[in-house]
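> My questions all concern the structure below.
The values are calculated or read from the model by the stated rules, or taken from the named source; none is laboratory data. Values in this document were obtained by computation on a predicted structure and should not be read as measured data. With ideal geometry, Cβ positions are generated from the backbone for all residues, glycine too; neighbour counts draw on all protein chains shown.
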Amino acid sequence: MTKEFDLAQSLARGVADRGGAWDFIRGFAAHWVRPLESGDGWAESDLAAAEERLGVALPAALREAYLLFGRRSDLTDHQDILLAPAELYVDRAKEALVFRHENQGAASWGLLLGDLREDDPPVFIRADLADKDAERWEGWLGRLSLCFVEIVLSESLHAPEPCCDALDPDDGDIELLEEHAVQLPFPPYPIGEEENGGRWFLAGDVLLYDGGGMSLLARGRTLEGLDRIRELIPGDWLDEHG
């Protein structure tokens, strides 16, 4: 890690409040991707047009995120899709404002309409089921700004460069992960699945995600960092891009 950006400390502040979340995203972008610049966000006029079309006011956290980095697909769209302001919509049951889609349409992320007056409302996820009547919005993360931190972290695991690996772990692999990496201060999620929810770790300059023991993903700042992880956690690691 560089002295200029301590990922763990910055993430701890990012989890605390939405101002910290935006500071974390600025720092992560600068040191792991490329710095945020003027023009990386949508214009105020784009958000105003979305509000007029939808007939609702967008929460402060959604506006701030879109204005700051909403156009930075390298932070938000490697795997899943952050909708542009013109693409935001209210679901057919008129329960939620949808702002993100899973890349194959298997799920959507949204904000309940009754929560839109909150500055930083909770985020819900809904699976796309064959039985539409069985679809339900279920808790994902307690604050939208926290969700954007998760988006930036999770999308970095699928960046189109040879610094991302994936492993189908067994119990021994998870034990090695816990031994050799530091768990980051991000709450397990989805809400209600804390015991088996996703967890984030850091080992040197490698970011790792444990998907409840079902998957292990790694994103290194360098190939050398990933090589060290492969040595510490031996297994059939697969390059995310071949």
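> Got at least one residue in the range 145-154 being crowded, with 18+ Cβ neighbours inside 10 Å, over 19 Å from the mean Cα position of the chain (by Cα) and in contact (Cβ under 8 Å) with a residue 40 or more places away in the chain? Before the answer, list the steps.
At the first step, the residues of the range 145-154 found to be crowded, with 18+ Cβ neighbours inside 10 Å are 145-154.
Okay, now just the ones that are also over 19 Å from the mean Cα position of the chain (by Cα), so none.
No: zero hits.
> Restricting the range 191-213 to residues that are free of Cβ contacts under 8 Å to residues at least 40 places away in the same chain and among the aliphatic types (A, V, I, L, M), which is nearest to residue 179 (Cα to Cα)?
Our first condition is that a residue be free of Cβ contacts under 8 Å to residues at least 40 places away in the same chain; within the range 191-213, this holds for 193-199, 201, 203, 206, 208, 211-212.
This time we only want the ones that are among the aliphatic types (A, V, I, L, M), so: 203, 206, 208.
Values: 203: 10, 206: 15, 208: 13 Å.
Among residues in the range 191-213 that are free of Cβ contacts under 8 Å to residues at least 40 places away in the same chain and among the aliphatic types (A, V, I, L, M), the one nearest to residue 179 (Cα to Cα) is 203.
> Test of understanding: among 47, 88, 67, 75, which residue is in contact with a strand residue (DSSP E or B) (Cβ under 8 Å, 6 or more places away or on another chain), surrounded by 15 or more Cβ atoms within 10 Å (Cβ to Cβ), of a type in the set (A, V, I, L, M) and at pLDDT 95 or above? Let's see the steps before the verdict.
Numbers: 47 fails: in contact with a strand residue (DSSP E or B) (Cβ under 8 Å, 6 or more places away or on another chain); 67 fails: in contact with a strand residue (DSSP E or B) (Cβ under 8 Å, 6 or more places away or on another chain); 75 fails: in contact with a strand residue (DSSP E or B) (Cβ under 8 Å, 6 or more places away or on another chain).
So the residue among 47, 88, 67, 75 that is in contact with a strand residue (DSSP E or B) (Cβ under 8 Å, 6 or more places away or on another chain), surrounded by 15 or more Cβ atoms within 10 Å (Cβ to Cβ), of a type in the set (A, V, I, L, M) and at pLDDT 95 or above is 88.
> Separate question: Pairs please, first residue from the range 22-43 and under 17 Å from residue 186 (Cβ atoms), second anywhere and assigned to a helix (DSSP H, G or I) and among the basic types (Lys, Arg), Cβ atoms under 7 Å, 6+ apart in sequence or on different chains.
Note: pairs meeting the criteria are 23/13; 24/13.
> Among the strands (runs of 3 or more DSSP E) confined wholly to the range 157-242, which include 3 or more residues that are within 19 Å of residue 146 (Cβ to Cβ) and either of a type in the set (Ser, Thr, Tyr) or at pLDDT 95 or above (or both)?
198-203, 206-211
> Can you name the condition, by its number, that residue 235 falls short on among (1) over 26 Å from residue 97 (Cβ atoms); (2) under 17 Å from the mean Cα position of the chain (by Cα); (3) touching a residue at least 60 places away in the same chain (Cβ under 8 Å); (4) surrounded by fewer than 20 Cβ atoms within 10 Å (Cβ to Cβ)?
Among (1) over 26 Å from residue 97 (Cβ atoms); (2) under 17 Å from the mean Cα position of the chain (by Cα); (3) touching a residue at least 60 places away in the same chain (Cβ under 8 Å); (4) surrounded by fewer than 20 Cβ atoms within 10 Å (Cβ to Cβ), residue 235 violates only (2).
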